[in-house]
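One structure is given below, encoded as structure tokens.
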Amino acid sequence: MRANRETTAGEIMLTYDPTPATWMWAWDSDVREDAGLAAGVGLSVRRHHTTADAGLFISAQNSVYAFPGATPARDLWELRCRVINRLGPSTRMISHLFYGTAEPNGDNTRLVHRFGLDSRIAWTSLVLAGHVKVNDFGPYDYHRDFNMTYPLQVMADFSTTLGSPRWFDLPQTRLGVRGTYRTLDRYSNRYRPEGASELLEGELYPDGLPGGREWEIRTYLHMSI
């Protein structure tokens, strides 16, 4: 959280890790964890008694501005889960799940109730990854800055690498294909319902208009020299 916000918070975590020599909460446990199954669940609750200092955002012209204010005093909670599966000598799957409430970095007062699940499976030189997000922020910083959410976001990615896949996005030669699908509503950027009049800056379309959708299929080649 940002400074100058009076907060009372609590967190509880439960972990199952049958091989504590490779600690699940180590920074590199994605690579080192050798248990067949290790999992952790955490619940955090925060009561923000006050608002916060105004946040900053960077414009398309790289100018830095401050928001007029910040989000109001309120309660937030979030449940998170992380699961590591070692399915074989050369096969590993790591999954994350979250569910709860969230707020933007800017001054928009809308409270977001969101859910998300992502997973990545690596087998020899092949990697399959994907995620499903419901009513969550978009993929870029400005989405959370301005409280832009999508009703549904789905992504699937399949790639092959030279050598064993790396888990920390280090440079590696990789060839893959990715598909992305999103639905849009009045809180999504690029939402333009057919037949609706143009909005002024900062306005929202009314409820009840048809939802939108967008999708993309891309191929990519990452070269590491």
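The values are calculated or read from the model by the stated rules, or taken from the named source; none is laboratory data. Nothing here was measured: the structure is a model prediction, and the numbers come from that model. Cβ coordinates were reconstructed from backbone atoms using ideal geometry, including for glycine residues, and neighbour counts include every protein chain displayed.
Can you name the residue in segment 30-50 that is out of contact with any Leu (no Cβ under 9 Å at 6 or more places or on another chain) and among the hydrophobic types (A, V, I, L, M, F, W, C) and is also surrounded by the most Cβ atoms within 10 Å (Cβ to Cβ) among such residues?
My answer is A38.
From the list A60, A102, A70, A66, which residue is at pLDDT below 95, surrounded by 14 or more Cβ atoms within 10 Å (Cβ to Cβ), more than 30 Å from T22 (Cβ to Cβ) and not hydroxyl-bearing (S, T, Y)?
Numbers: A60 fails: surrounded by 14 or more Cβ atoms within 10 Å (Cβ to Cβ); A102 fails: at pLDDT below 95; A66 fails: surrounded by 14 or more Cβ atoms within 10 Å (Cβ to Cβ).
After applying the criteria, what remains is A70.
If a residue has to be in a loop (DSSP other than H, G, I, E, B), in contact (Cβ under 8 Å) with a residue 24 or more places away in the chain and hydrophobic (A, V, I, L, M, F, W, C) to count, how many in segment 1-53 make the cut?
5
Name every residue in segment 167-198 that is without any contact (Cβ under 8 Å) to a residue 60 or more places away in the chain, in contact with a strand residue (DSSP E or B) (Cβ under 8 Å, 6 or more places away or on another chain) and among the hydroxyl-bearing types (S, T, Y), in order of residue number.
Correct list: T173, T180, Y181, T183, S188, Y191.
Residues that are among the charged types (D, E, K, R), under 20 Å from the mean Cα position of the chain (by Cα) and within 30 Å of A122 (Cβ to Cβ): does segment 57-79 have at least one?
Yes, there is a match, as at least one residue in segment 57-79 is among the charged types (D, E, K, R), under 20 Å from the mean Cα position of the chain (by Cα) and within 30 Å of A122 (Cβ to Cβ).
Looking only at segment 99-130, how many residues end up being more than 19 Å from H48 (Cβ to Cβ) and not aliphatic (A, V, I, L, M)?
To start, the set of residues in segment 99-130 that are more than 19 Å from H48 (Cβ to Cβ) comprises 99, 115-130.
Retained after the next criterion (residues that are not aliphatic (A, V, I, L, M)): 99, 115-116, 118-120, 123-125, 130.
The total comes to 10.
Kindly list the number of the only condition in (1) touching a strand residue (DSSP E or B) at 6+ places or on another chain (Cβ under 7 Å); (2) touching a residue at least 12 places away in the same chain (Cβ under 8 Å) that fails for L56.
(2)
Out of the residues in segment 110-135 meeting the condition of being among the β-branched types (V, I, T) and surrounded by 15 or more Cβ atoms within 10 Å (Cβ to Cβ), tell me which one is farthest from the chain's Cα centre (by Cα).
V127
Consider segment 73-99. How many of its residues are assigned to a strand (DSSP E or B), surrounded by fewer than 18 Cβ atoms within 10 Å (Cβ to Cβ) and of a type in the set (S, T, N, Q)?
Matching residues across segment 73-99 total 2.
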